[in-house]
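Worksheet: the structure to be examined is printed underneath.
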Amino acid sequence: GESVGLHLPTLSVQEGDNSIINCAYSNSASDYFIWYKQESGKGPQFIIDIRSNMDKRQGQRVTVLLNKTVKHLSLQIAATQPGDSAVYFCAENTPQKLVFGQGTRLTINP
Amino acid sequence: GAVVSQHPSWVICKSGTSVKIECRSLDFQATTMFWYRQFPKQSLMLMATSNEGSKATYEQGVEKDKFLINHASLTLSTLTVTSAHPEDSSFYICSASFQGSSNQPQHFGDGTRLSIL
C-alpha cells in the first residue's frame, strides 16, 4: 500500500556539517520519489527527485540516494547552512497522487 | 519557472462564513491541481484532486459539499470552504502539475492560513 515514513522527526546539526535525512517506504512498486523543503508558514518547495532506475542523484549541495533493496531513500545536504532550517518531506509520487511522509525538522546549531 | 500563486495568504473570519481560496499557475498550464490541508506539526493531507473542466475527486473523509472545488481553467482552481467552523481552521495548500501527477513533480503555492473564530 501507500506508505512513506521517516525515521526521525527531528535532526539537529552544526552549521557546516553534513545532514542526512532518511525515509522508508513500503511499496516495492514505487518508482518516483521527491524531496520537499517546507519553511515555516510556506508551502513545500521542490528540492530534488529520483526515479527507480537510478540509485543516486545530485543537485546543488544535495544528494538523494535510493536503495530499492531495503526500500529506503535519504537526502544528504552538504555544508549545512542556517537557511537549510526547515521541515523536509519525502514523498512518493504515485500515478494518482503525492503521498507525503511525516517530515523531519532540521535545526542548525551555530 | 513553475510558479504557483495562492491567495489570500491568510484569512480570519467568523464562524458560518464561506471562504474562497484561489490557486493560480503563473507560468504554466496546470491540467491537474491538488488541494491539501496541514495541521500544526503534521504532514500534508490531500483533500482533493481537480482536473480542468471536470469534477474534483475527493479523498475519503473529505466532504465535497463542505469543500467546493472549481477548476474552470488551466491556470486557476478555487477552494471554497462553506459555512466554516473553528474546526476548519488550518493551513490550506494547493499545488499544480502539468501532465498530471506521475510524470512531473507538483509545485506548491505558499498556502492560506485560515482561522475561524
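Label positions at A:ARG61 and B:ASP27, each projected 7 Å from the Cα along the C-beta direction, are separated by 2.1 nm.
For region A:28-54, heavy-atom accessible area (probe 1.4 Å) falls by no less than 20 Å² from the chain alone to the full protein assembly at A:TYR32, A:TYR36, A:GLN38, A:GLY41, A:LYS42, A:GLY43, A:PRO44, A:PHE46, A:ARG51. Phi angles of region A:33-39 translate, via the Karplus equation with coefficients 6.51, -1.76, 1.60 and θ = phi - 60°, into HN-Hα couplings of 10, 9, 9, 10, 10, 10, 7 Hz per residue; Gly and Pro are given as x.
Backbone geometry of region A:10-25 corresponds, through the Karplus equation with coefficients 6.51, -1.76 and 1.60 at θ = phi - 60°, to 3J(HN,Hα) couplings of 9, 9, 10, 9, 7, 4, x, 6, 8, 10, 10, 10, 9, 8, 10, 9 Hz, x marking Gly and Pro.
Net charge dipole, region B:52-117: roughly 100 debye, given to the nearest 20, about the Cα centre with Cβ charges of +1 for Lys and Arg and -1 for Asp and Glu.
Legend: distances between Cα atoms for A:LYS97/B:LYS66; A:LYS71/B:LYS55; A:LYS97/B:LYS64; A:LYS56/B:LYS41; A:LYS37/B:LYS66; pairs beyond 25 Å are A:LYS71/B:LYS55; A:LYS56/B:LYS41; A:LYS37/B:LYS66. Annotation: per residue accessible area for chain A equals 49 Å², rounded to a whole number [probe 1.4 Å, protein chains only]. The reciprocal of the average 1/r between distinct C-alpha atoms defines the Kirkwood hydrodynamic radius, which for the protein assembly as shown equals 18.1 Å. In terms of the mean number of neighbouring beta-carbon atoms within 10 Å, the peptides B:7-19, B:28-40, A:41-53 order highest first as B:28-40, A:41-53, B:7-19. The Cα atoms of region B:23-72 give a gyration tensor whose axes a ≥ b ≥ c have a/c of 1.5 or more with a/b no greater than b/c, which makes the shape oblate. Only protein heavy atoms count here, probed at 1.4 Å, and on that basis chains A and B bury about 1500 Å² of accessible area in total.
Shielding of peptide B:34-44 by partners, expressed as the average count of other chain Cβ atoms within 10 Å per residue Cβ, is 4. Packing order of peptides B:52-59, A:17-24, A:32-39, A:59-66, highest average first: A:32-39, A:17-24, A:59-66, B:52-59 (average count of other Cβ atoms within 10 Å over each peptide's residues).
The values are calculated or read from the model by the stated rules, or taken from the named source; none is laboratory data. This structure is a prediction, so every number in the text was calculated from the model and none was measured. Here Cβ is always computed from backbone atoms with ideal geometry, including for glycine, and neighbour counts include all displayed protein chains. Just the protein is used for accessible areas: all its heavy atoms, side chains included, with ligands, DNA and RNA removed. Shrake-Rupley method; radii C 1.70, N 1.55, O 1.52, S 1.80 Å.
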